[in-house]
Protein chains: 4
Amino acid sequence: MQDFNTIINNIHNNLKDNVVKGVVASYIPELSKQDVNQFGIFIQHMNGENFSVGDAEVPFSIQSISKVLSLSKAIAFENNDIWKRVDVEPSGNPFNHLSLLELENGIPRNPLINAGAIVIADILCSQFKNPKQEFLQYVRAIANDQSIDYNLKVAASEKETGFNNLAAANLLKSFGNLNNDVDVVMDFYFHQCALEMTCSQVAKAFYVFANKGRCVNNKQHISSSQAKRINAIMLTCGFYDESGEFAFEVGLPGKSGVGGGIVALLPNQYVITTWAPGLNAKGNSLIGMQALEQFTTQTNLSIF
Amino acid sequence: MQDFNTIINNIHNNLKDNVVKGVVASYIPELSKQDVNQFGIFIQHMNGENFSVGDAEVPFSIQSISKVLSLSKAIAFENNDIWKRVDVEPSGNPFNHLSLLELENGIPRNPLINAGAIVIADILCSQFKNPKQEFLQYVRAIANDQSIDYNLKVAASEKETGFNNLAAANLLKSFGNLNNDVDVVMDFYFHQCALEMTCSQVAKAFYVFANKGRCVNNKQHISSSQAKRINAIMLTCGFYDESGEFAFEVGLPGKSGVGGGIVALLPNQYVITTWAPGLNAKGNSLIGMQALEQFTTQTNLSIF
Amino acid sequence: MQDFNTIINNIHNNLKDNVVKGVVASYIPELSKQDVNQFGIFIQHMNGENFSVGDAEVPFSIQSISKVLSLSKAIAFENNDIWKRVDVEPSGNPFNHLSLLELENGIPRNPLINAGAIVIADILCSQFKNPKQEFLQYVRAIANDQSIDYNLKVAASEKETGFNNLAAANLLKSFGNLNNDVDVVMDFYFHQCALEMTCSQVAKAFYVFANKGRCVNNKQHISSSQAKRINAIMLTCGFYDESGEFAFEVGLPGKSGVGGGIVALLPNQYVITTWAPGLNAKGNSLIGMQALEQFTTQTNLSIF
Amino acid sequence: MQDFNTIINNIHNNLKDNVVKGVVASYIPELSKQDVNQFGIFIQHMNGENFSVGDAEVPFSIQSISKVLSLSKAIAFENNDIWKRVDVEPSGNPFNHLSLLELENGIPRNPLINAGAIVIADILCSQFKNPKQEFLQYVRAIANDQSIDYNLKVAASEKETGFNNLAAANLLKSFGNLNNDVDVVMDFYFHQCALEMTCSQVAKAFYVFANKGRCVNNKQHISSSQAKRINAIMLTCGFYDESGEFAFEVGLPGKSGVGGGIVALLPNQYVITTWAPGLNAKGNSLIGMQALEQFTTQTNLSIF
């Protein structure tokens, strides 16, 4: 296990001075203020050990990484009923995501694309009495950390510019696949995406998926079978139009966010989170993708 | 000209007892209350004569017919500048209109599909101080009739169920092709579509396009060249996914609405309006289409 | 009528030294040899007069213009039965024509796009005993000119590079919308497109559509009603993705070909052919489009 | 390991009398002759043991399962160069596969959809002197079985009806992504798909992917890294439009064919092949999918 420390320190050293670091997300004004040079890695091993390098304790906007957390809570609530409203197939095209939704009569391709995550948000808005508060409590519980919170500036920033997501929500509503008011669901959704967490907090939260549904406190939040299914969805759908590439290069279930975070895991072994705000052309952290590819190549610890 | 009277009376007689009358639009709750047996025809000839049969003086919801009126006012305001924001090509697919908008980066195919008409509504919201009031005045002026008004119940009904249009507006906004707030534009748009007019009022309003831009009062509202262009757009884009069929069967520039109205015209000769609320599978008045096909076949008065 | 002479001479003078002339079609190797400076105009009036300027008697490859001729013969053979196998709606997107064909289960959007014209070619292959010979006789008959012939080099050149058309034909076959062998139909199709005609020959052949189905020899080849329908199809579908633009700018039914020819007509009045091999980005003759736009603007002789 | 025997016998017993067995593929006439009641399972374990039940030694048409074998040989020949001509992303829509190919300029989504496999076939046609013979030798070598052969009737049957594949090949050719003649590539492709193998032969051939590139004879055919990548591609793209579902329900890399075969594997542990000719609506073996789902649920041996 000492290896992990050496390996991630070497990877961090190799990549931190990369000239090409990608571009910080600009479509959400608040996110564009991030420093492209920040870079952290954190590993939470199932044996209790953890490993950390760089900016692993700096909070960042987890954005789409939150979709896995909301999905897990929706599955805990409704189990298989959610698959009547959202499919589990990879989405294929990135450039016409509303097109697919339209062609397929308002059934999103999977719960990790925006339209699918909005349906999941709608489910949580129906199941929770105080959705924003109770979802935050759930995240704090699985991560075992009461300090996690929403960044309200980011949530407000997304609300002001999230027209594409509003288009998706209205389209879902027009197909009868949104039970709550568009405004209610989107207020929840924009907050969910604006969760701020550190690499270590994200790794601890995702421990539940690597550990058959039990969190770091050993409490069962979802069943072992539900955890497996969420891992399968992360593998096939976790990286937008680069999901196949990630499976191919890294070989782990995982999820990225436009805040520059990536979390990936090997069931029963470890969770790894990277954070580097510069994105590649597909919207995934450029340095993070490289770090994970180097990690599974050097450790030979992938699912394939 | 006596022929016209005989011809439209015969057509009215032949069709009014048709067993198959199509289905009244139901997606706007207020429209679903219409009586499928209503049927009127009105012809306004350039020589001043007019001809009428059936329910030609009963007000109906003109819906998409209003898109030609708003387009004409936008052209009067901005002339060719509007073609930077909306194209003039037929739209092809009906079933995935948002797909096209997405693939073509937020430039609607033409001003007579919903997305295009929403861009036109945005232009009017920028040009008018009191858009709803001033647009109503324009329509009253070209139709020479101060009694024309919005049906506020229909406008409210559309607002409550117009999620697909809200999706289009938000998508336009996400592409930077909507300058005003979505809510402002859509409030105007839902009112515009909720204009209530009779067959004779519609025919008089559209006289301006058959008469080189001069209305029934002989006032020039748009240039002769602008009138020609609007006619060209009606011919290629006026009937959703049935535009080719209408050109083929009827051979006149025209526009239909889901309220069951159709207006068509032969430049320099006449304007004809039909109204029968039952729609065919493509959303055009079933009886109205047949009436117009029979009219141009019997009179041999088409553009081809 | 002297006006016509003056007008087309002026237009020819204005445009013939244009610096920007478009690009000669290169995807068919034989066509790329054309001289971009060639430019002819020919008008055949219904009153028997004709007007000519520039290279109006130089033969060129009529390419897609031939689709209107084959359509007219197929309609003469099968009348309305052909509309079970091909639609009459504009095609919308140019960049994914096979996509549309696939989405719409092998029913081409209209007979003037490639897939539709291949279905029409299949009909002629079923109706004719010697398709290539008999179709040539038909064209010679309506144009009243026995010298018209295929350019065999161009036909061979298209055969060697026509993979996209072969893809369309195989896709039609897979949907059961091609009765003859792919090779047989495509051999006919490539010859049809390789017809070589002058501006004056094209104008004479299309006289039949302006003259209610009667050719220059006054023989009835198609019915008056069929001629009207073909004109309607030309107006809505004759210029690929620029059909709306042509209706808007020129206001006449017409058809273009990648050889640089354009033919357009005002029913009961005249047929005009232009030829200038340089194409615009949409595949239509750049100078030809301008010439026709200037012609209808100056004469005020359009259908709108 | 005795468990495996009991487990697959129980699964076989449970499923073999299922009333609903799916529909035998009919689009290739030869395949439609298969008996829907045939059902075999074979497991090849890395420890050398194997387990068998039902029709595990009856040869069937492996069809698309062959795409993984041809891909592995192409990777062995050209390594990463092949990724310039074919992508590794899931394909999303099944119903418009040519559409995607067209939109993405002739670069197939992945090597396991038809268009991608045709590009791979083109690579083999360039690399092999006698493609059909040498590919057969490769398959015999990795399966360690000289009796494997093409079913020439099936190959001929596919050739006569494979218009959709011919459309794809011609489209690839039109985009410059096919170096050999369409006929040459498709003759190879139709033979490749017509390979006839038993469950045990398929399991032995796929041993190479579960065993880091070494076949049952311990010979290294591809590198360990190449084997991992092929597994990643199988997981994300192996089951047409049901790849996400398979990852979700079964949780193994695998590949299906319309002959009713499915092969799946857990790296470093085992390969399992099922064969039951009845297909579900997505074109995968109905009984085979259920058998594999039950197998990984009962053994808890999946990658997630």
Odd one out for residue C:113 among (1) within 29 Å of residue D:173 (Cβ to Cβ); (2) among the hydrophobic types (A, V, I, L, M, F, W, C); (3) open to solvent by less than 10 Å² (accessible area, probe 1.4 Å); (4) within 14 Å of chain B (Cβ to nearest Cβ): (3)
Condition met for residue C:178 (surrounded by 24 or more Cβ atoms within 10 Å (Cβ to Cβ), in contact with a helix residue (DSSP H, G or I) (Cβ under 7 Å, 6 or more places away or on another chain), in a helix (DSSP H, G or I) and among the hydrophobic types (A, V, I, L, M, F, W, C)): no
Any hit, the stretch A:154-164, residues being β-branched (Val, Ile, Thr) and within 30 Å of residue D:235 (Cα to Cα): no
Residue match in the stretch D:116-132 (condition: within 19 Å of residue D:255 (Cβ to Cβ), among the small types (Gly, Ala, Ser) and within 8 Å of another protein chain (Cβ to nearest Cβ)): no
From the options A:133, A:127, residue that is under 23 Å from residue A:208 (Cβ atoms), free of Cβ contacts under 8 Å to residues at least 40 places away in the same chain and not β-branched (Val, Ile, Thr): A:133
Count of residues meeting criterion [at the interface with another protein chain (Cβ under 10 Å from one of its Cβ atoms) and open to solvent by less than 10 Å² (accessible area, probe 1.4 Å)] in the stretch D:219-236: 8
Number of positions in the stretch D:30-49 that are in contact (Cβ under 8 Å) with a residue 24 or more places away in the chain and either farther than 19 Å from residue D:266 by Cβ or among the charged types (D, E, K, R) (or both): 9
Residue count for the stretch C:73-88, restricted to those that are over 15 Å from residue B:245 (Cβ atoms) and not in a helix (DSSP H, G or I): 1
Breaking point among (1) buried (at least 24 other Cβ atoms within 10 Å of the Cβ); (2) within 9 Å of chain B (Cβ to nearest Cβ), for residue C:256: (2)
Meets criteria (more than 27 Å from residue A:228 (Cα to Cα) and acidic (Asp, Glu)) for residue A:87: no
Out of C:157, C:70, C:99, sole residue that is of a type in the set (Ser, Thr, Tyr), within 14 Å of chain B (Cβ to nearest Cβ) and either surrounded by fewer than 18 Cβ atoms within 10 Å (Cβ to Cβ) or part of a helix (DSSP H, G or I) (or both): C:99
Residue check for residue D:108: surrounded by 19 or more Cβ atoms within 10 Å (Cβ to Cβ), within 14 Å of chain A (Cβ to nearest Cβ), within 30 Å of residue A:104 (Cα to Cα) and at pLDDT 90 or above: yes
Verdict on residue D:164 being at pLDDT below 95 and within 12 Å of another protein chain (Cβ to nearest Cβ): yes
Single match in C:193, C:199 (criterion: touching an Asp or Glu at 6+ places or on another chain (Cβ under 7 Å) and open to solvent by less than 10 Å² (accessible area, probe 1.4 Å)): C:193
The stretch A:37-60, residues that are open to solvent by 40 Å² or more (accessible area, probe 1.4 Å) and under 29 Å from residue A:150 (Cβ atoms): A:37, A:38, A:50, A:52, A:54, A:55, A:57, A:58, A:59
Pair list, Cβ < 9 Å and 6+ apart or interchain, from the stretch D:18-29 residues that are basic (Lys, Arg) to residues that are in a loop (DSSP other than H, G, I, E, B): D:21/D:36; D:21/D:37; D:21/D:39; D:21/D:276; D:21/D:277
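Considering the stretch B:6-18 alone, what residues qualify as being in contact with a strand residue (DSSP E or B) (Cβ under 8 Å, 6 or more places away or on another chain) and at pLDDT below 95?
Scanning the stretch B:6-18 gives a single hit, B:16.
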Helices (runs of 4 or more DSSP H) wholly inside the stretch C:223-304 that include at least 3 residues being among the β-branched types (Val, Ile, Thr) and touching a helix residue (DSSP H, G or I) at 6+ places or on another chain (Cβ under 7 Å): C:224-237
Residue tally, condition touching a Gly at 6+ places or on another chain (Cβ under 9 Å) and open to solvent by 10 Å² or more (accessible area, probe 1.4 Å), over the stretch B:273-282: 3
Residue count for the stretch B:22-36, restricted to those that are surrounded by 15 or more Cβ atoms within 10 Å (Cβ to Cβ) and in a loop (DSSP other than H, G, I, E, B): 5
Only one of D:152, D:136 that is away from chain A (no Cβ under 14 Å) and open to solvent by 30 Å² or more (accessible area, probe 1.4 Å): D:152
Residue check for residue A:19: open to solvent by 10 Å² or more (accessible area, probe 1.4 Å) and within 21 Å of the chain's Cα centre (by Cα): no
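Report, by residue number, each residue of the stretch A:73-90 that is touching a Phe, Trp or Tyr at 6+ places or on another chain (Cβ under 8 Å), facing another protein chain (nearest Cβ under 10 Å) and open to solvent by 10 Å² or more (accessible area, probe 1.4 Å).
Correct list: empty.
Please determine whether any residue of the stretch B:191-207 is touching a Gly at 6+ places or on another chain (Cβ under 6 Å) and more than 14 Å from chain C (Cβ to nearest Cβ).
The first filter runs over the stretch B:191-207 and keeps only residues touching a Gly at 6+ places or on another chain (Cβ under 6 Å), leaving B:199.
Next cut, more than 14 Å from chain C (Cβ to nearest Cβ) only: B:199.
For the stretch B:191-207, residues touching a Gly at 6+ places or on another chain (Cβ under 6 Å) and more than 14 Å from chain C (Cβ to nearest Cβ): present.
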Criterion: touching a helix residue (DSSP H, G or I) at 6+ places or on another chain (Cβ under 7 Å), among the polar types (S, T, N, Q), part of a loop (DSSP other than H, G, I, E, B) and farther than 18 Å from residue D:267 by Cβ - qualifying residue of D:52, D:91: D:91
Filtered residues of the stretch B:238-249 (kept if open to solvent by 10 Å² or more (accessible area, probe 1.4 Å) and more than 7 Å from chain C (Cβ to nearest Cβ)): B:240, B:242, B:249
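The values are calculated or read from the model by the stated rules, or taken from the named source; none is laboratory data. All values derive from a computational prediction rather than experimental measurement. Cβ: placed from backbone, ideal geometry, glycine included. Neighbour counts: every protein chain shown. Surface areas here come from the heavy atoms of the whole protein model, side chains and all, with no ligands, DNA or RNA. Shrake-Rupley method; radii C 1.70, N 1.55, O 1.52, S 1.80 Å.
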